[in-house]
1. Quick one: which of Asn337, Asn289 is in contact (Cβ under 8 Å) with a residue 60 or more places away in the chain and either closer than 30 Å to Ala215 by Cβ or among the small types (Gly, Ala, Ser) (or both)?
2. Among the residues of the range 571-591, what is the count of those that are in contact (Cβ under 8 Å) with a residue 40 or more places away in the chain, in a loop (DSSP other than H, G, I, E, B) and more than 19 Å from Gln665 (Cα to Cα)?
3. Filter the range 372-406 down to the residues that are over 15 Å from Leu360 (Cβ atoms) and among the aliphatic types (A, V, I, L, M) and list them by number.
4. Looking at (1) in a loop (DSSP other than H, G, I, E, B); (2) among the β-branched types (Val, Ile, Thr); (3) open to solvent by 10 Å² or more (accessible area, probe 1.4 Å), which is the one condition that is false for Thr283?
5. Collect the residues in the range 589-607 that are modelled with pLDDT of 95 or more and over 10 Å from Leu643 (Cα atoms), keeping them in residue-number order.
6. Anything in the range 375-390 that is open to solvent by less than 10 Å² (accessible area, probe 1.4 Å) and either of a type outside the set (Gly, Ala, Ser) or more than 20 Å from His217 (Cβ to Cβ) (or both)? List them, or say none.
7. Considering every residue within the range 118-134, establish whether at least one is modelled with pLDDT of 90 or more, open to solvent by 40 Å² or more (accessible area, probe 1.4 Å) and within 14 Å of the chain's Cα centre (by Cα).
8. List every residue pair whose Cβ atoms sit under 7 Å apart, with the two residues 6 or more apart in sequence or on different chains, where the first one lies in the range 629-655 and is on the phi < 0 side of the Ramachandran plot and the second, anywhere, is open to solvent by 30 Å² or more (accessible area, probe 1.4 Å) and basic (Lys, Arg).
Amino acid sequence: MPLYPPRKLSVFAVDPSVARLHENRGIKNLVISLPWDMERLPDDEPFVGPRGEYLEVVDYDPSCGVFYSPVDLNDSATRPMYGLTPSAENPKFHQQMVYAVAMNTISVFELALGRVALWAPRNWNNSEFDDDKGFVKRLRIYPHAFREANAYYDPEKKALLFGYFLAGFENADLLPGSTVFTCLSHDVIVHETCHALLDGMHPYFAESSNPDVLALHEAFADIVAILQHFSHPEVLEDQISKTQGNLENQSQLGQLAQEFGKALGRGGALRDALGEMKDGNWTPKEPDNRALDQTSGPHQRGAILVAAVFRSFLSIYKDRIADLLRISSGGRGILPNGEIDPDLKHRLAREAAKSARHLLQMCIRALDYCPPVDVTFGDYYRALITADYDLYPEDKYGYRIALIEAFTAWGIQPQGMMVVTEKTLLWPTIEEASLDAENGLAGFGEDFGFLLNSPKESKDRIGQLSISPDSDGQSMKAALDQVARRIMLAMEEEIDSRVPKKWDRTPGRLSEEVVLSRNLLELGLSADRKVEHLVRYFYGELFWGMIHDQKHKGLYDLIGIDLTDRAPKSISRSKYTGRPAIQVHSVRMANRLGDRGQVEQEYVVELVQSRSGYFDPNDQLAADSGDVEKERDFIARSGATLLIDARSFQIRRVIRTNGIVSDDQVLHRHRDYRKRSMLEPTNAFDGVIKRAEGVKKFTALHRQKMEKVQL
């Protein structure tokens, strides 16, 4: 395929009402560069909407029953001009804005993880996959989805929905009665895109099993949005000038959704990592190591995690610019009043951008180092430290020290950890996880390497295991054969999209021997996303078969799963073995660039076990003995993430949840939290709500308390 220059699109750098202020005229607009290979489409498929490999913008306004005319980003009249000029009144620009910002967020994720991003599959938790295993090619974006002060990610529709509403009379920066479009807020778009990306990577993070799960969803989306501010030099240099290089002062860079917050009468931004408005005055936010114990609610708890991460960024930034300040101030380290020298401003902006980019990549990479279910702030804290340590053991610039200091100041620490140091925060190695690891892992590396590099032979091996057909009479091998055929068809579709029509497009041109003769997870960022989705599912099934081989049963205690016949009957049973079921949620590869420019690779395997829970102890006893009389009240899950070396194929680290699901104490903990959460003011993300019910979980989570406005 020929290489094309990246697509460049103009967007608002800050919310429209903020950009209209005279003092912000220098940071009104930005130009975002999107890699061409993230947008390629077949020549015969029109590019309108806009629409690409990952996203599709559908501009339908149901409140007035109107489809707005779609923007064509390939229009020869606008493409050389970086698309349409930013305009709050032009629906076509609204489409361009959401597309460009969301695509840029996706590219940041892929750079950090070294693989293509996938959306959460349809019906992933109901075992009702279609032939493509629920693959979702494009996330839909609706810029004018409803008339309300809200925006959210809908996991059922696989869509981002942005609302619009009328501003009130509370803020002088907004004309009363003017329309506020959430789709024009850079921060809101990044935030909602992060929800979708996180759901695609960790669907179980949408289950409120402890106070931190939903708070982490909100905090992570805010962290990415804030740190994204620092990737734009124009905004950085402007704010450095206004704060005399001290970003701890009131700064737009620490604020999120300013127009949204002001329109709701908050006096300032919707959220601010640096401080808050009190009685019309901005007050810096001081760390409080007791705040977490006194705070509930996803946004309130999430704000504490955001504050801790942002505090660490400020500490890193100050350390990196200390020498520049000394040189520029004759050794005093304090700049004189007045304008900052342009060269110094540029250097300060560069240091801030470097710090923010590295910290942002740390925050994203940490997602591979989290347990797959029931995650806590402490788990994410350990993931941050461990992921960075494995890639940069020396910590030359003190990123991990800054994080430990900031998290300590805000009282965030792993449960039960009495001494918090860099060493104790690291997730355990396989040797540390079990003194008897040698016996439990005999032959694991050899079998896992064979599974990856010889998928066809691995598939055939599973047919030799004592695994019975399911209730429909389909064997495990037959199911794998079906997935293998879908992989071949997907590869043919991908090839067809790249070659001239005159070439042979007859199905069946690829053979199983050719397709399944290599490690399909090594494709990385060059992988076709549909192929990658099917390959991850395929390898997950292969890994399931591998660990059910009796020679690997010593692994079960190590990773915290219960496959014994003594396990409570309330634990889901496998349709193939009749024993307690285990879900291999994901087998994927992470590619990271180390400090010497070397590529570090490892495999990430996530395993989950589920148990039906009941509020009534008698119902629970009945379910545990197999006498089920009523539908479950909730689901308790436990699991583990295995990090496996890409060279030796040996397990490096084991990342487990707190306890295993067959333990009644773990079940009691889940039950107690669900009961408490039902007594609190609920939203659609709390309480006993099943994903299959089609409830818009993120709708009420994001809904703001405000008086209804008739539009």
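The values are calculated or read from the model by the stated rules, or taken from the named source; none is laboratory data. All values derive from a computational prediction rather than experimental measurement. All Cβ positions, glycine included, derive from the backbone under ideal geometry; neighbour counts span all protein chains shown. Just the protein is used for accessible areas: all its heavy atoms, side chains included, with ligands, DNA and RNA removed. Shrake-Rupley method; radii C 1.70, N 1.55, O 1.52, S 1.80 Å.
1. Working: Asn337 fails: either closer than 30 Å to Ala215 by Cβ or among the small types (Gly, Ala, Ser) (or both).
Only one candidate qualifies: Asn289.
2. Residues that pass the stated criteria total 4.
3. Val373, Val375, Ile385, Ile401, Ile404, Ala406, listed by residue number.
4. (1)
5. Leu607
6. If the condition is that a residue be open to solvent by less than 10 Å² (accessible area, probe 1.4 Å) and either of a type outside the set (Gly, Ala, Ser) or more than 20 Å from His217 (Cβ to Cβ) (or both), then Val375, Phe377, Tyr380, Tyr381, Leu384, Ile385, Thr386, Asp388 are the ones that fit.
7. no
8. Close Cβ pairs (under 7 Å, with a partner that is open to solvent by 30 Å² or more (accessible area, probe 1.4 Å) and basic (Lys, Arg)) amount to Ala640/Arg656; Leu643/Arg652; Ile644/Arg652; Asp645/Arg652.
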